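The values are calculated or read from the model by the stated rules, or taken from the named source; none is laboratory data. Just so you know, these numbers come straight off a predicted model, no measurement behind them. Neighbour counts run over all protein chains shown; Cβ positions are idealised from the backbone, glycine included. Heads up: the accessible areas ignore ligands, DNA and RNA and are worked out on the full protein's heavy atoms, side chains in. Shrake-Rupley method; radii C 1.70, N 1.55, O 1.52, S 1.80 Å.
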Amino acid sequence: MDSFLKNFVGFDGRLNRQPFWLSLLLLIAASVVLSLIVLPLIGLSVMPNFTELASQTTADMTPEQIADFVTKTVNDATRISGWVSLGLFVVLLYPSLAIGIKRRHDRNSSGLDLIIYYALNFVASLITAFGLAYSTMTIPAGPDLPAMTIPVPSMLSLAVSGVLLVYGVYLFIVLGCLRGTVGENNYGPDPLG
């Protein structure tokens, strides 16, 4: 158990796939548990309470006012959850980097690509936290329907998310699927012996 906990501390040495996946699953579980604890404390939940939202609208509100209210509510919740996400990101950054860089060392790489990925994730979290992840789009009125304004992902958010998706697939393959260097490499002996 003591050697397992060393996976989360320091950046020296190598980590093969099995301890990497076990460590990653532990970090994911910690992230989920922390989210389930923190979000209710600040008045958010995993799913929005649509009944409560509906109760805050009045019968005399126009469809445009209701759409604006929903858009503002979604943007406010997204901003708050963005700050929570950023906080969790910072809390789990060191252990995540430790296991990721050790895994990259197993592939005889410095781990710079992983640091760049985390920097992009940090930027994505800031975009959400500052309320830049969503913009609004107005759907023109139809014959029987009024015009509606709805929240949509911003182009900035879509662009960063697209880059993160492609980069994430690359890291999934490199970190999680490919075997490490056989024998000793620049970062130490083969963890498989």
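Treating the angle as unsigned and between 0 and 90°, give the value, to the nearest 10°, between the Cα long axis of helix 155-171 and the longest Cα principal axis of the chain. Computed tilt is about 30 degrees.
Taken over the C-alpha atoms, segment 112-193 has Rg and Dmax values of 21.3, 73 angstrom. Between amide H atoms placed 1.01 Å from N, distances below 5 Å from Ser135 occur with Val152, Ser154, all of them 5 or more places distant or on a separate chain. Just one of (1) 16.9; (2) 19.5; (3) 18.6 is Kirkwood radius over Cα pairs in Å as worked out from the coordinates here. Which one is it? Matching the structure shown: (2). Calculate how steeply helix 17-41 sits against the longest principal axis of the alpha-carbon atoms of the chain, using the helix alpha-carbon long axis, and give the answer as 0 to 90 degrees to the nearest 10. Here the helix axis deviates by roughly 30 degrees.
Once the Cβ-Cβ distance of Ala30 and Ile139 is raised to the sixth power relative to R0 = 45 Å, the FRET efficiency obtained is 0.65. If only the Cβ of Lys and Arg carry +1 and only the Cβ of Asp and Glu carry -1, the dipole of segment 52-193 around its Cα centre is close to 660 debye. For the chain, the relative contact order works out to 31 percent when only alpha carbon pairs closer than 8 Å and six or more residues apart are counted.
For the set Met137, Met61, Met155, the ranking by accessible area, highest first and with no ligand, DNA or RNA atoms included, is Met155, Met137, Met61 under a 1.4 Å probe. Taking Cα atoms only, the orientation of helix 112-129 departs from the longest principal axis of the chain by about 20 degrees.
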